[in-house]
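Remarks on the structure that follows.
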Amino acid sequence: MKRVLITGAGAGIGLAVAKKFAVMGWYVLSLDKVFKEASMGEEIIFDLRDLDGIPELIDRIGPVDTLVNNAAVLFCDPIESIPKDHMQEILDVNLLAPAKLIEATSKAMKLRGSGRIVSVGSVSAFTGHPDLWYGATKAALLNLTKSYASHFGPYGVLVNAVAPGPTLTAMYERLPESRKESVMSSVHSRRPCLPEEVAETIFWLGAESPTYVSGTTIDVNGGSYPR
């Protein structure tokens, strides 16, 4: 049975991804710092701010066929007054932890000559974001995807990403109404994306896409592109 590790799998996009892989017969390792609702597969409680603990975590979990870097944090602080601890948490969870997870899981993938890594970016990687460091980390994550795809290509490891538009998750629901109206104004369908729609795309990249697809980012944004 193939194994997939999904971060931020306790809710939203991560939970939808876990359900999709489980339905397709995969052994699902669901990682989150807290599980508020029924999860899928094996629950792993871990705080991704513990960057130094990630290599040991992966050693304990064992090899995986696919890694899905989904976990992310977002604050709604004014650009002029972003608390230092908020900035550091966004950098740790949204960018440094995914990089550490890629480094740790890719070792077995390279030895095996196969493996897939999918990271969840955001349309804000292209447009910017009111939460300055959220947009910056998502842009950096997409650049990291291209760099790792080039580095791991000779070993048969595929590295891709998705960039969702506004998606109906708890993170989206926490946004002020004014910001929801702003982001929705650019969406042609006038509705937020469903987590299941992002999950379908992640599963394709993480399990089914041709091996010639690597280093790319698939936009899941209803055709709404930066102007």
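The values are calculated or read from the model by the stated rules, or taken from the named source; none is laboratory data. Keep in mind it's a predicted model, so treat the numbers as computed, not measured. Cβ: placed from backbone, ideal geometry, glycine included. Neighbour counts: every protein chain shown.
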Residue identified as crowded, with 19+ Cβ neighbours inside 10 Å, aliphatic (A, V, I, L, M), assigned to a loop (DSSP other than H, G, I, E, B) and out of contact with any strand residue (DSSP E or B) (no Cβ under 6 Å at 6 or more places or on another chain) among Ala72, Ala139: Ala72
Listed residues Val213, Val198; which is in a loop (DSSP other than H, G, I, E, B), β-branched (Val, Ile, Thr), modelled with pLDDT of 75 or more and within 19 Å of the chain's Cα centre (by Cα)? Val213
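Here is a check on your reading of the model: is Phe35 surrounded by fewer than 24 Cβ atoms within 10 Å (Cβ to Cβ), aromatic (Phe, Trp, Tyr), without any contact (Cβ under 8 Å) to a residue 24 or more places away in the chain and touching a Gly at 6+ places or on another chain (Cβ under 8 Å)?
The answer is no for Phe35.
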Out of the residues in segment 91-134 that are modelled with pLDDT of 95 or more and among the polar types (S, T, N, Q), which is nearest to the chain's Cα centre (by Cα)? Ser119
Evaluate segment 65-79: report whether one residue or more is touching a residue at least 12 places away in the same chain (Cβ under 8 Å), closer than 24 Å to Leu142 by Cα, of a type outside the set (Ser, Thr, Tyr) and touching a His at 6+ places or on another chain (Cβ under 7 Å). yes
Would you be able to say whether some residue in segment 153-166 is part of a helix (DSSP H, G or I) and modelled with pLDDT under 95? no
